[in-house]
Structures are given as structure tokens and as C-alpha cells.
Amino acid sequence: MKMIKLGNESEECLNSDIIFDILSRIPAKPLLGMKCISRRWQTIISNRSFIKSQLQNADLVLDGFIVQDGYMLSRQDVKTVSYIPVQSKNEAPVVHQKVFSFLPEQVVVLASCKGIVCCRSRFPSPDPTVYLCNPSIREWIQLKCPIRCDVTDSIALVFDFEPSKFKLVRVKRFEKINHQEVWEEGEELESESEEGSFFFTFELYSSETKTWRKLEETCDCNHGLIKNKAVYIGGVLHWLTEGDKIITFNVEKELCLLISVPVPASEFRSVPEACIGEHEGKLHYVQVSEKGLHVWYLDSLEDYFEFKWKLKHYKSLEDFELEHPRRLVNLKKRVSERVIMDTNPWMSPLGFQDGKSLIKVSSELYIYDMKSGKTTHACSFLQLNPQSMSPCTVFPHSLTLVSLNDA
């Protein structure tokens, strides 16, 4: 068997190597450990040609959930970022809080897309910076924050496994005042909407131009963004709002659209809790109410004007209680008592990916596997060391070998 050397001239040899072919079919998590077997294996696994082949041959697998604490009432960021693996040894509760310690400063997580994480400097900061990083291999790059970046801003990441090509989309909410849309200081857009309504604006950063660009597209919506921020699927970003709508944004066409959730909150006796996520390339909507846990998926991602939600999974609250009789007690009664002024719901889905959902029940966190119908205790919410009363943001995360420093 030929010796493999580092560099572009060896890629042809790598592609014909039997070991190369076998390893490229293995998920990223075990490959990270296999780097230590020998220098030869480390050379193969670290090669750009191998990483590209591995992405084509092995599916991304959900590894865990990143939990970002909220911000203080003083509108300052808190430093608590936790990582909850979906699987742990002996099913013991595990929480990691130093996942981003390799970065040059404390950060706030903004987005997670296909194994790459977008963070920014923790405010207040004299020189705010946006970081793109791969925690699996502890690599990162940095760029400037957009102008007037605020703790409430949502920045989404668009990444399709091209290390030198990515996009960031900043969505920001404004109020329409005196029949004019006040966008930024000194800029106004004509509007015929009623006073007191709100709208969202979009700004786009491209790695090719290395600049932020304000888009003409805006989205009229009176509700703020909640839960897991943006979910990227098939060229489209999705944000769940506090109302019964989901904001969608086609990144290539630079067009947005509001779509309705499967079942509006008005059809429930109590206030339901929900989150969105991706599974098998489709947008999913997870909802918890007094009627139980329901999971819908959007049947069409190509034509949002003719979209249709389909129910994929259901589990009653009674079944949750039977599974964990000592921990999950009187679920239906407690969930039914949820009222609109209650900022701390008893049971709430926080994040969803690949059929698994991170669910908060009282002060405990559980991982529910839709495929098996089983619920496992992940950890206590207090293990995350929460420092604020604002809701946390959850990002599903998969491991990848992609290097952001490859040009």
C-alpha cells in the first residue's frame, strides 16, 4: 500500500486507498478518536479530500443541544453556555460548559448549522466580533459585527459544507411609527400600515464579498421571535414567532413569507408551547398542550404558497407519566393550567432535530426520541447554572470534520 503524504499531490492516492474508503463511511464522532490511532490515520482523516468524501458518504448525526442562557434585564449578555449530549455513558446526566473555551473571549451563541457554530462577543464589548467555529476540531475564524448590533438581534447562519462560502442573515424587529417604517437613524420607508404595528428587516453577510448588505425585503409581523431562532433547510431560513406564524426567508431569492403553524393557539384551552426543527430534510413543528405532544412536518418546501402540514407523531401526557411515574406527575393538570401571563410553562419543547426533542418539564430537562417513543432524563435545569430569568435559546448540534481554515 502506498505511503500517504500531506498535500494536494497525494489526493489521487488517497482516493484509491481502501482505508480511505472505509473510514469515509464512518460518522464524525468516532473519527475524531481514530485520529489518535496513527499518524497515517490522522493524515487521512484531516485531508480535505477525505472530509469532502465523508460528508457525502456519512449522514450528519445529532450529537447534542447547545443551551444559551438569556440576557439580563439590563440588556447585557450572560456568560453561561452549556452543552447537553443526546447520549451519555451509563445514562448519567452530563452537562459541558467549556465547549467554547478555545475561542479568544467569552461568547454568546447565535446559530448552529451543520456542525458549524456562529457566536459573537459577549456584550458589553469594546470591539464586537462575530466568530464562526467548529468546536469538534477547535477551529475558528472571525469577522466584524454588523452596525449597531444589539443583544436582542438574531443572526442566522447559512452553511452548505463549502468552508470558504457561507452567509449570515441578521433579522431585526422595528415598530412602524406615524405611517412610516423607521429603519435606522436618518432612513425611512413609506408605509400604509397602521401605527403601532411591527416589521422585520434583513441584512446579509456573504463570505465572498466580506461585507454586510441591507436588503430591501421586509416582513410585516407583530410578534417577536422565540425559541431556537433560525432553522436552515434547503436554502430557506425559518423563525418561529410568538404568534401563530413562522417567518421564512429564501436566501438566494432574498424573499420572505409568513406561513401559519398547523394548529393555532386559540384552539386550545390553555396556552400551548412549541418549537421548530429539521428532520429528514423537512421543517417540523413540535407542540405541547393539554392534548399531548404533537409533531407535524411541512409537506412541501419547494412551494410555500401551497404548503401543507401533516401530523407525523403523537404522544399523550398520560403516556409520559407512565414512562416516568416518579418524575412526571400530574402533567395534564399542570399543562392545562398554563395561562398567557405565565412566563415559566410547566412543560415546553426547547429544540428539535433528527426526531429528538429537548423538553423542559418543571426544573428538569428530558430528551424525547420520536422514533422509539422513549423519554430519557438529561439533567436538571439548575445544572446549566442559569444566571437570568430570560428564556434560554437551544441549538441542535452535529459533529463535523469540516475545517473553516481551508481556502
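Counting only protein chain heavy atoms and rolling a 1.4 Å probe, the accessible areas of 239, 296 rank, largest first, as 296, 239.
Net length available on complete extension from residue 220 to residue 337 is 38.9 nm, with 0.36 nm assigned per residue and the Cα-Cα distance removed. Nonpolar atom fraction for the chain, defined as the carbon and sulfur part of the 1.4 Å probe accessible area, stands at 50 percent.
Structure remark: mean-square fluctuation, Gaussian network model of the chain, C-alpha springs under 10 Å; the largest value among 106, 383, 56 belongs to 56. Solvent-accessible surface of the chain, taken per residue with a 1.4 Å probe and all protein chains present: 50 Å². Here the sum of -39500 (n - 2.57) over DSSP H runs of 4 or more residues, divided by the residues of the chain, equals -3000 deg cm²/dmol at 222 nm, to the nearest 500. If I ignore ligands, DNA and RNA and count only protein heavy atoms, how much of residue 94 is accessible to a 1.4 Å probe, in Å² to the nearest 10? Counting only protein heavy atoms, the figure is 40 Å². Using R0 = 22 Å, the C-beta based FRET efficiency linking residue 209 and residue 150 works out to 0.40.
The values are calculated or read from the model by the stated rules, or taken from the named source; none is laboratory data. From a predicted model like this one, the values you see are computed outputs, not experimental measurements. Counting neighbours? That spans all protein chains shown, and the Cβs are built from the backbone with ideal geometry, glycine included. Ligands, DNA and RNA are excluded from the accessible area calculation, which covers all protein heavy atoms including side chains. Shrake-Rupley method; radii C 1.70, N 1.55, O 1.52, S 1.80 Å.
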